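Shown next, in structure tokens, is the structure this report addresses.
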Amino acid sequence: MRHLMSPLDFSVDELERLFNLANDIEKNREKYAHACDGKTLATCFYEPSTRTRLSFEAAMLNLGGNVLGFSDASNSSAAKGESVSDTIRVISCYSDICAMRHPKEGAPMVAATKSLIPVINAGDGGHQHPTQTLTDLLTIRSLKGSLSNYTIGLCGDLKFGRTVHSLIRALLRYEGIKFIFISPEELRIPDYIISELNDKGVEYTEVTSLDEVIGSLDILYMTRVQKERFFNEEDYVRLKDFYILTKEKMSMAKENMMVLHPLPRVNEISVEVDDDPRAAYFKQAQYGVYVRMALILSLLNLAPEVLTQD
Ligand code: NCD
């Protein structure tokens with residue numbers, strides 16, 4: 001049985017096959033409409049989410065399966081003091097696969113060790129968000145044709161943004177990727193990621209000005225300042241509008257630069273940018289459903305060609 005805790009849990013070849021399956025699903029929706037008949041997905045969300053939870057649910061419903069779960073820790077037995085290990089043992093009796101989001105780093109991993117069904121980490125604190133990364137990679141690969149040879153700017157909250165942490169690690173496995181980290185001093189990328197980049201000899205620069213570098217980017221990954229992970233409101237208020245991507249800034253970017261954002265957006269991308277053909281964030285949300293469909297099929301062994309069996 002396989003789980004998904006980090007994007008590195010799947011080899012590059014397994015990811016290629018997963019993305020091919022996702023693209024096939026995109027083109028032939030009907031072919032998969034009953035692929036999960038009789039199967040149930042549990043969504044255990046201990047932290048608020050709209051799109052990740054709903055995209056998991058949409059993915060399972062599109063496959064003909066059922067969904068159950070909770071969207072808030074206060075609605076679950078966690079409020080009575082139940083551990084995630086006990087919760088997953090019980091959920092294993094009610095469902096075939098579980099997507100879990102938790103504010104504590106490592107909680108889905110603890111659950112996976114006790115689980116009788118595959119567990120997917122749907123975001124653990126500021127740590128990892130592997131299914132968002134699969135979404136990001138599928139979007140880049142589908143719209144740009146490959147996952148190699150790009151200069152990627154990651155902009156905003158690089159300290160607390162788990163989508164950024166997962167994406168960087170996943171991209172380290174592809175050729176010719178250069179990173180430009182664009183953040184205020186207080187929200188710089190964590191040292192442990194910088195050490196990984198240094199160890200692997202990957203090219204990166206850290207800057208505070210988006211204007212200075214936007215013209216050199218192939219992909220711009222914008223992120224929200226993660227209000228819920230700040231220790232005080234004052235710092236959040238000071239930093240929340242540090243970057244706002246506007247039409248004017250887009251005029252300095254390459255004609256084929258792609259703008260991604262895991263969403264939800266707050267102020268960091270002005271709505272006037274939405275009509276720009278380079279804005280790919282709503283398409284990205286759609287790819288998130290296809291990739292989660294492919295993932296559910298693979299982890300349930302209903303697409304045995306994707307994951308290598310031990
Ligand atoms: C992200 C998350 O939850 O980390 N959202 C998402 O999954 N689509 C990004 C965010 O909340 O800013």
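Remarks
- Taking every DSSP beta bridge that has both ends in the chain, the antiparallel portion is near 5%.
- With Cα atoms, 0 to 90° folded angle of helix 12-27 axis to the chain main axis: 80
- Largest-first principal axis extents, alpha carbons of the chain, Å: 54, 44, 40
- Relative contact order of segment 131-285, taken over Cα pairs closer than 8 Å and 6 or more residues apart, is 25 percent.
- Pairs of Cα atoms nearer than 8 Å and 6+ residues apart set the relative contact order; for the chain it is 20 percent.
- With Cα atoms defining each centre, segment 160-184 and segment 76-130 are spaced 26 Å apart in the structure.
- Taking GluC sites (Glu not before Pro) across segment 268-307, the ones in a DSSP loop with at most 16 further Cβ atoms lying within 10 angstrom of their Cβ are E305.
- Scattering curve values for segment 28-179, log₁₀ I(q)/I(0), Debye with Cα scatterers, q = 0.08 Å⁻¹: -0.26
- Based on protein heavy atoms only, the chain ends up with 43 Å² per residue of surface accessible to a 1.4 Å probe.
- Taking the C-alpha atoms of segment 127-216, convex hull volume expressed per residue in Å³: 90
- Net charge contributed by nearby residues that have their C-beta within less than 14 Å of F70 (K/R +1, D/E -1): -1
- Dipole orientation for the chain: of the candidates N28, I140, V289, N28 has the Cα lying most toward the positive pole (charges on Cβ; Lys, Arg +1; Asp, Glu -1).
- Shown are S251, S298, whose ranking by accessible area with a 1.4 Å probe and every protein chain present, most to least, is S251, S298.
- Local electrostatic count, R188, Cβ distance below 12 Å [Lys/Arg +1, Asp/Glu -1]: -4
- For segment 233-294, the normalised intensity computed at q = 0.16, 0.28 Å⁻¹ comes to -0.62, -1.19 (log10 of I(q)/I(0), Debye sum over alpha carbons, equal scatterers, no solvent).
- Here R89 and N301 are evaluated by their C-beta separation; at R0 = 22 Å the FRET efficiency comes out at 0.55.
- Distance between the pseudo-spin-label points of R173 and N232 (7 Å out from Cα toward the beta carbon): 4.2 nm.
- Computed from label points 7 Å out along Cα-Cβ, the spacing between R278 and D37 is 4.8 nm.
- Largest GNM mean-square fluctuation across T223, T113, T52, computed for the chain with C-alpha springs under 10 Å, falls on T113.
- Anisotropy class of segment 169-310 from Cα gyration tensor, a/c 1.5 cut: prolate
- Two-site label geometry, S77 and I244: point separation in nm, points 7 Å out along Cα→Cβ: 4.9
- Note on M252 and T205: the extension gain reaches 15.0 nm, defined as 0.36 nm multiplied by sequence separation minus the Cα-Cα distance.
The values are calculated or read from the model by the stated rules, or taken from the named source; none is laboratory data. If you're wondering where the values come from, they're calculated on a predicted model, not measured in any experiment. Here Cβ is always computed from backbone atoms with ideal geometry, including for glycine, and neighbour counts include all displayed protein chains. The protein model used for the area step is the full one, side chains on, heavy atoms only, and it has no ligands, DNA or RNA in it. Shrake-Rupley method; radii C 1.70, N 1.55, O 1.52, S 1.80 Å.
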